[in-house]
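Q: The structure under discussion is supplied below as structure tokens; questions concerning it will follow.
Each reported figure results from applying straightforward, stated rules to the coordinates on display, with no laboratory input. Keep in mind that this is a model prediction, so the values were computed, not measured. Cβ sites come from the backbone with ideal geometry, for glycine too, and all protein chains shown count toward neighbours.
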Amino acid sequence: MAEIITAKLVKDLRDKTGAGMMDCKKALTESAGDMTKAAEWLRQKGIATAEKKSGRTAAEGAVGSYIHTGARVGVLVEVNCETDFVARGELFQELVRNVAMQIAACPNVEYVNTEEIPAEIADREKAIEMGRDDLAGKPEAMKVKIVEGRIGKRLKELALLEQAFIRDNTITVGDMVKQAAGKTGENIQVRRFTRYTLGEGIEVEKSDFAAEVAAMTKTA
């Protein structure tokens, strides 16, 4: 027998997901009162809603920043939405902060999504994988299938939106962005980002202190 959808259940789901009261009630009804399934239903609904809006122009938004403790890693990220009203809202600003923190936590991420990754990178990865020893002797069709799987996984490691969200690893960064789009009713897109690491690219001359002391001793 399905559980009665009480006001407390609706409130608990709202507190957990941030969705509206009516959406929470509908999600619980669709899920027979199961909180986990209802939360998943809301997530799917938000993603579906966001995808319908993905073709609309998003020229407003914000450039967010994050400096990690110790000031050794810094991030700048541009996240776009459709209106200045949404851009100034708490939900959108929190999204920008979360995305910036995610970038700081993912040093291997270089692109927003897999579609941005140049073809030559995929070709290079394919050449490397096709030459691996563990594929030697396997039929060509099997090798191609295995390599495609490995390349797909590798490319996802380079894409920000494919990463598990650091505060909730049951969703990806892409899911988080789509959820925000569903809640705001606007198209929201992560456009670009830059990650700075202190000292990156600087060649530091290393001195042999022991050899310097020995040389000074000989000339003394």
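Q: Please list, in chain and number order, the residues 5+ apart from Ile117 or on another chain whose amide H is under 5 Å from its amide H, with Hs placed from the backbone.
A: Amide H neighbours of Ile117: none.
Q: Follow-up. Whole-Hz ³J(HN,Hα) for each residue in segment 89-100, computed from phi via Karplus 6.51 cos²θ - 1.76 cosθ + 1.60 with θ = phi - 60°, x for glycine and proline: what do you get?
A: Result, rounded to whole Hz: x, 5, 4, 5, 4, 5, 4, 4, 4, 5, 5, 4.
Q: Output wanted: per-residue J couplings in Hz (rounded whole) for segment 28-40, from phi through Karplus 6.51 cos²θ - 1.76 cosθ + 1.60, θ = phi - 60°, x for Gly and Pro.
A: So the J values, rounded to whole Hz, are 5, 5, 5, 9, 6, x, 7, 4, 5, 5, 5, 5, 5.
Q: What is the distance in Å between the Cα centres of segment 114-167 and segment 171-191?
A: 26 Å
Q: Further, regarding this structure: Report the calculated FRET efficiency for Ile128 and Glu200 (r = Cβ-Cβ distance, R0 = 30 Å), to the nearest 0.05. Mind showing how you got there, number by number?
A: Working: r = 24 Å, r/R0 = 0.82.
With a Förster radius of 30 Å, E is 0.75.
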